[in-house]
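First, the structure itself, so that you have it in front of you.
The values are calculated or read from the model by the stated rules, or taken from the named source; none is laboratory data. Because the structure is a prediction, the values reported are computed rather than measured. FYI the Cβ positions are ideal-geometry reconstructions off the backbone, even for glycines, and counts take in every protein chain you see.
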Number of protein chains: 2
Amino acid sequence: MTTIAFIGLGNMGIGMASNLAKAGHDVRALDISEDAVARAVEVGCKGCKDTSEAVSEADIVVTMLPAGKHVRMVYGDEGGVFDHAKQGALFIDSSTIDVATARAVISTAEHKGFHMIDAPVSGGVGGAAAGTLTFMCGGTKEAFEQAKPYLDIMGKNVFHAGDAGNGQVAKIANNMLLGIHMIGTCEAFNLAEKLGLDAQTFYDISSTASGQNWSMTSYCPAPGPVASAPSNNDYQPGFAAAMMLKDLRLAQDAATTARAATPLGTQAEALYSLMEASGKDDLDFSGIMKLINGTI
Amino acid sequence: MTTIAFIGLGNMGIGMASNLAKAGHDVRALDISEDAVARAVEVGCKGCKDTSEAVSEADIVVTMLPAGKHVRMVYGDEGGVFDHAKQGALFIDSSTIDVATARAVISTAEHKGFHMIDAPVSGGVGGAAAGTLTFMCGGTKEAFEQAKPYLDIMGKNVFHAGDAGNGQVAKIANNMLLGIHMIGTCEAFNLAEKLGLDAQTFYDISSTASGQNWSMTSYCPAPGPVASAPSNNDYQPGFAAAMMLKDLRLAQDAATTARAATPLGTQAEALYSLMEASGKDDLDFSGIMKLINGTI
């Protein structure tokens, strides 16, 4: 039994913390929302009132926070994780945040004698609850190996993407590509349909040909061909368009910093911004079909 | 043994005609290039001097031509296929052309008492030579069933996409999507690399996650991960960027006619046009990586 502090008990964090507790670990749960802490207690965690109580006895600290600024605050602010954690503790930040912040916080942690990896996830709320997340990790091999048994409890696929920050890089590059081929798939189905070719027939051809992609064959944005897809459930998420837009904006920030040209990534960010502007970004990200076919 | 006229003996047509001849059919070969006809004779066809000689005894006429205007001319001009073909003959147009022309020519053929399908292909010169093309067919069920045994000789996958013109629709919608996810894949690999994540590691993660697409896993534009990909052979085609651009332009024409929004398809056409403008459109279409990473 390991003592694990878990900070950030939103829709994702609560499922992850719950799975660590179910596996028999002593999970110390902390969130700015008292309701969130109460829910964590219901699923077997110990509720904590402040950072000191959560982390001072923990061998591992897991954080699952909305953005880079929260990660900086939770770790680096006075009275934060750095001030209260045990020497040699391992930090796992599973937040999806900007690459620069991830690298800066890990660098500070290492200078203070801690081990730390960035370990953003994919798989959504369902994957968090089911313990089937994919973890993309950046950091030293030692820190990764130390974290892996705990990531294996919360996830199904655990990748070491290289040095600090590379977990974030893998996630935003992957999700930028996902956003692009989701929109492209919507455009192709809509074009086909407007020219008289129905969705199932186009699916039967393109899914076995060079048009094949994950958005089509695992998550088809045209209702019909893939039964489990949100398109068959009025585009209820799933993975909300607002979350895709967050990732596309992180990708654009990183691309600007790295001087990487992303002509379609830029356009994908603009199109999901139109979905946000229309107030429909609470739909699943495959609901971009409604922007493309004019039913938004 | 069926008598088959084959008109259009370019890089694709010669392989297709050769496979029909090898299967024991009486193939009457016609092209505006005498050299092309001579090559067809070498692979077992009978060389013809004009449309009358090629089609007057043919049960089936196959055409493989560059663009819609050539298809109109070869079938509809005075002294063309319509004037010389046997009553009840079957026409198979495997050219990739605009949807409107395909539908117009098939309609005229049917009014004149012929059967006709549009049957554009994918699979490239290699597939034509090996008899492993994919055919996407539009037309009546009867015409499709009549054509299928011959398409099976030239191809591996033969799809009936619905009414006349739907073969073209399936092809351009599929290839528009292919162009989009190829560019997106290049952007993702380039972004990852500029941020310190190498191609093989990104491939290992994204190819098993939601970024997966045909351009990545069958034709990876980053050298390394997929041994058979043109990226490992200085981007020699393969499927040339110029041919992708032709298909993207057909998709844009069709989208304009159908009032279908294709924001990424439009951008893909613009990016392959930049490749054309740089004089590098003879590279494989995955060579768009060189535009994205600045090595063009």
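Looking at the structure I just gave you, is B:SER215 touching a Pro at 6+ places or on another chain (Cβ under 7 Å), assigned by TED's automatic domain parsing to the domain that holds B:GLY184 and small (Gly, Ala, Ser)? Please lay out each step first, then the result.
Details: touching a Pro at 6+ places or on another chain (Cβ under 7 Å): yes; assigned by TED's automatic domain parsing to the domain that holds B:GLY184: yes; small (Gly, Ala, Ser): yes.
So B:SER215 fits the description; yes.
Now a separate question. Quick one: which residue in A:ALA173, A:ALA104, A:ALA130, A:ALA100 is of a type in the set (A, V, I, L, M), crowded, with 20+ Cβ neighbours inside 10 Å and at pLDDT 95 or above?
Every option except A:ALA173 fails the conditions.
Here is a follow-up. Out of curiosity, is A:THR134 assigned to a loop (DSSP other than H, G, I, E, B) and among the β-branched types (Val, Ile, Thr)?
Numbers: assigned to a loop (DSSP other than H, G, I, E, B): no; among the β-branched types (Val, Ile, Thr): yes.
In short, no.
Looking at the stretch A:272-283, can you tell me whether even one residue there is buried (at least 21 other Cβ atoms within 10 Å of the Cβ) and under 27 Å from A:ALA102 (Cα atoms)?
Yes, that holds for at least one residue.
Looking only at the stretch B:152-170, count how many residues are buried (at least 24 other Cβ atoms within 10 Å of the Cβ), out of contact with any helix residue (DSSP H, G or I) (no Cβ under 6 Å at 6 or more places or on another chain) and farther than 24 Å from A:GLU187 by Cβ.
Residues flagged as buried (at least 24 other Cβ atoms within 10 Å of the Cβ), out of contact with any helix residue (DSSP H, G or I) (no Cβ under 6 Å at 6 or more places or on another chain) and farther than 24 Å from A:GLU187 by Cβ within the stretch B:152-170 amount to 1.
Those residues that are more than 7 Å from every other protein chain (Cβ to nearest Cβ), assigned to a helix (DSSP H, G or I) and either in contact with a strand residue (DSSP E or B) (Cβ under 6 Å, 6 or more places away or on another chain) or over 20 Å from B:THR201 (Cβ atoms) (or both), I need them from the stretch A:161-203; list them, please.
Across the stretch A:161-203, the qualifying residues are A:GLY167, A:GLN168, A:LYS171, A:GLY179, A:MET182, A:CYS186, A:PHE189, A:GLU193, A:ALA199, A:GLN200, A:TYR203.
Do we have A:THR140 as surrounded by fewer than 18 Cβ atoms within 10 Å (Cβ to Cβ), more than 7 Å from chain B (Cβ to nearest Cβ) and in contact with a Lys or Arg (Cβ under 8 Å, 6 or more places away or on another chain) here?
Working: surrounded by fewer than 18 Cβ atoms within 10 Å (Cβ to Cβ): yes; more than 7 Å from chain B (Cβ to nearest Cβ): yes; in contact with a Lys or Arg (Cβ under 8 Å, 6 or more places away or on another chain): no.
Here the answer is no, as A:THR140 does not meet what is asked.
What residue, among those in the stretch A:58-83 that are of a type in the set (Asp, Glu) and exposed (fewer than 15 other Cβ atoms within 10 Å of the Cβ), is farthest from A:LEU9 (Cα to Cα)?
Once the filter is applied, the top-ranked residue is A:GLU78.
Inspect all residues belonging to the stretch B:105-116 and state whether any of them is over 26 Å from B:GLU34 (Cα atoms), part of a strand (DSSP E or B) and not basic (Lys, Arg).
Yes, the stretch B:105-116 contains at least one residue that is over 26 Å from B:GLU34 (Cα atoms), part of a strand (DSSP E or B) and not basic (Lys, Arg).
Can you tell which of A:VAL125, A:VAL158 is of a type outside the set (Asp, Glu), outside any helix (DSSP H, G or I) and more than 9 Å from chain B (Cβ to nearest Cβ)?
Just one listed residue meets the conditions, A:VAL158.
Do you know which residues across the stretch B:34-44 are of a type outside the set (Asp, Glu) and over 15 Å from B:THR63 (Cα atoms)? Break it down stepwise before answering.
Kept after step one, since they are of a type outside the set (Asp, Glu), are these residues of the stretch B:34-44: B:36-41, B:43-44.
Correct list: B:ALA38, B:ARG39, B:VAL41, B:VAL43, B:GLY44.
Please state which one of B:ALA241, B:ALA254 is small (Gly, Ala, Ser) and within 13 Å of another protein chain (Cβ to nearest Cβ).
B:ALA254
Also: Would it be correct to say that B:SER273 is touching a Leu at 6+ places or on another chain (Cβ under 9 Å), assigned to a helix (DSSP H, G or I) and within 14 Å of another protein chain (Cβ to nearest Cβ)?
On the way: touching a Leu at 6+ places or on another chain (Cβ under 9 Å): yes; assigned to a helix (DSSP H, G or I): yes; within 14 Å of another protein chain (Cβ to nearest Cβ): yes.
So B:SER273 fits the description; yes.
Right, another one. Taking the stated definitions as given, is B:LEU264 surrounded by fewer than 23 Cβ atoms within 10 Å (Cβ to Cβ) and touching a helix residue (DSSP H, G or I) at 6+ places or on another chain (Cβ under 6 Å)?
For B:LEU264, the condition - surrounded by fewer than 23 Cβ atoms within 10 Å (Cβ to Cβ) and touching a helix residue (DSSP H, G or I) at 6+ places or on another chain (Cβ under 6 Å) - is not met.
While we're looking at this one, here's another question. Criterion first (out of contact with any Cys (no Cβ under 9 Å at 6 or more places or on another chain) and in the same structural domain as A:ALA102 (by TED's automatic domain parsing)) does A:VAL62 satisfy it?
Spelling it out, A:VAL62 is indeed out of contact with any Cys (no Cβ under 9 Å at 6 or more places or on another chain) and in the same structural domain as A:ALA102 (by TED's automatic domain parsing).
What number of residues within the stretch B:194-207 are over 33 Å from the mean Cα position of the chain (by Cα) and more than 13 Å from A:MET136 (Cα to Cα)?
Residues meeting the conditions: 4.
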